[in-house]
Amino acid sequence: MAADRDERVRTDVAVDLGGTWLRIRAGSGETVRLPAPSILNRPGEDPAALLEQLIETLAEAVPAGARVAMSCGAAMDEEHGVLHGSGPLWGGGPDRPVPLRALLTARRPDVSWHLFNDVTAGLASFVERFARPGHRRAVYVTVSSGIALRTADLTERSVPVDAHGLQGEVGHLPAVSTAPAAVRALSCPCGGTGHVAALAAGPALPHVAAALGVEHPEGIRDALPARLRSGDPAARRLLSTVVEPVAELVRTLRCLDPRIDLIGIGGGYAEGLGDPYRAELVRQVSEVRSYADRDTGPDRAAHGLRLCRPGEVDPMAGAVALSHGALTVTKR
Ligand SMILES: [Zn+2]
């Protein structure tokens with residue numbers, strides 16, 4: 001009874017930890033945005049000092065006895081609150097996991113800390129907003145500074161993960177691409193070549209443009225929307241090239257699991273390109289290539305496939321929903 005009362009009076013605090021920004025929202029108040037104490041913002045700084053500063057900042061920002069739901073931009077084990085692939089944050093690789101929940105709990109034991117991967121949080125927000133009764137499985141793909149996806153089983157409200165707490169880290173699979181060899185040989189931030197992220201994530205755009213021989217590749221991120229509107233064939237080819245690995249992921253997901261009723265594409269890069277990205281994605285997904293595609297066509301391909309608009313998916317709201325049990329992350 002006392003525990004119930006404690007849960008009810010706790011202030012909900014939502015936190016979004018990314019490589020660039022740390023955003024904090026207490027209750028229904030304003031969202032405060034601070035530069036993240038990350039290696040991305042401060043190259044060369046001691047990762048241990050950056051981590052300590054993050055813990056201090058959160059410890060000072062959070063009211064007494066609060067309930068914190070935090071979306072973390074790193075591959076992580078959500079059961080134990082341990083971050084694995086935290087390169088943009090602290091330069092840590094898979095061999096340097098950070099037990100962030102334990103560190104935060106040690107610093108502020110009065111607070112209940114709930115940590116989730118940002119793609120899982122995005123999935124929860126996407127499901128809350130767009131899933132309908134009868135949908136069996138929903139997938140959320142983030143196309144941003146990196147690429148990853150999560151699938152929820154809506155019949156049991158679960159997000160199944162492996163023994164390390166991971167699922168859907170597709171950004172570092174080889175990209176399916178019909179682009180010239182120079183594009184397929186592009187290097188990935190993970191050290192590999194030709195990965196999905198090396199072609200289709202936001203930071204890859206100037207490199208893909210250069211490999212295709214597009215003029216002024218360094219400024220292409222800002223110039224691409226206008227060049228697409230003007231019908232520039234080089235811009236169209238560039239868009240087609242960066243969409244292709246994502247379209248192939250969608251095609252593969254649908255081929256492997258007919259229970260997937262809803263797929264959302266979000267993330268700042270895809271959302272920022274907006275309608276042209278959506279149109280190219282639908283065009284590619286609806287291509288008929290074999291007998292297995294007889295049920296496609298643009299209407300069929302677009303059905304259950306949603307390119308999110310900016311703001312539709314909110315990882316902070318998703319983290320809060322997860323902390324209240326909207327979906328359960330389940331190890332199998
Ligand atoms: Zn990679």
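The values are calculated or read from the model by the stated rules, or taken from the named source; none is laboratory data. Since we're looking at a predicted model, the values are computed, not measured. Using ideal geometry, Cβ is built from the backbone for each residue, glycine included, and neighbour counts are taken over all protein chains shown. SASA here: full protein model, heavy atoms, side chains in, ligands and nucleic acids out. Shrake-Rupley method; radii C 1.70, N 1.55, O 1.52, S 1.80 Å.
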Completion exercise
Counting only residues that are more than 20 Å from Leu123 (Cβ to Cβ) and modelled with pLDDT of 95 or more, region 285-325 contains a total of 0
Exercise for the section: Scan region 206-245 for residues that are within 16 Å of the ligand (Cβ to nearest atom) and out of contact with any Ser or Thr (no Cβ under 9 Å at 6 or more places or on another chain) and jot them down. Expected result: Val242
Exercise for the section: Report, ordered by the first and then the second residue, all pairs with beta carbons closer than 7 Å, sequence separation of six or more or different chains, a first member in region 229-254 that is in a loop (DSSP other than H, G, I, E, B), and a second member that is surrounded by fewer than 21 Cβ atoms within 10 Å (Cβ to Cβ) and of a type in the set (A, V, I, L, M). Expected result: none
Exercise for the section: Answer yes or no as to whether Val32 is of a type in the set (Val, Ile, Thr), modelled with pLDDT of 90 or more, more than 28 Å from His164 (Cβ to Cβ) and outside the structural domain of Val170 (by TED's automatic domain parsing). Expected result: yes
Exercise for the section: Evaluate the following for Asp232: is it surrounded by 14 or more Cβ atoms within 10 Å (Cβ to Cβ), assigned by TED's automatic domain parsing to the domain that holds Val196 and more than 17 Å from Gly168 (Cβ to Cβ)? Expected result: yes
Handout entry: Residue within region 258-267 that is touching a strand residue (DSSP E or B) at 6+ places or on another chain (Cβ under 6 Å), open to solvent by less than 70 Å² (accessible area, probe 1.4 Å), at positive phi and not polar (S, T, N, Q) present
Key = yes
Exercise for the section: Answer yes if at least one residue in region 169-192 is within 16 Å of the ligand (Cβ to nearest atom), loosely packed, with under 15 Cβ neighbours inside 10 Å and either of a type in the set (S, T, N, Q) or not assigned by TED's automatic domain parsing to the domain that holds Phe126 (or both), and no otherwise. Expected result: yes
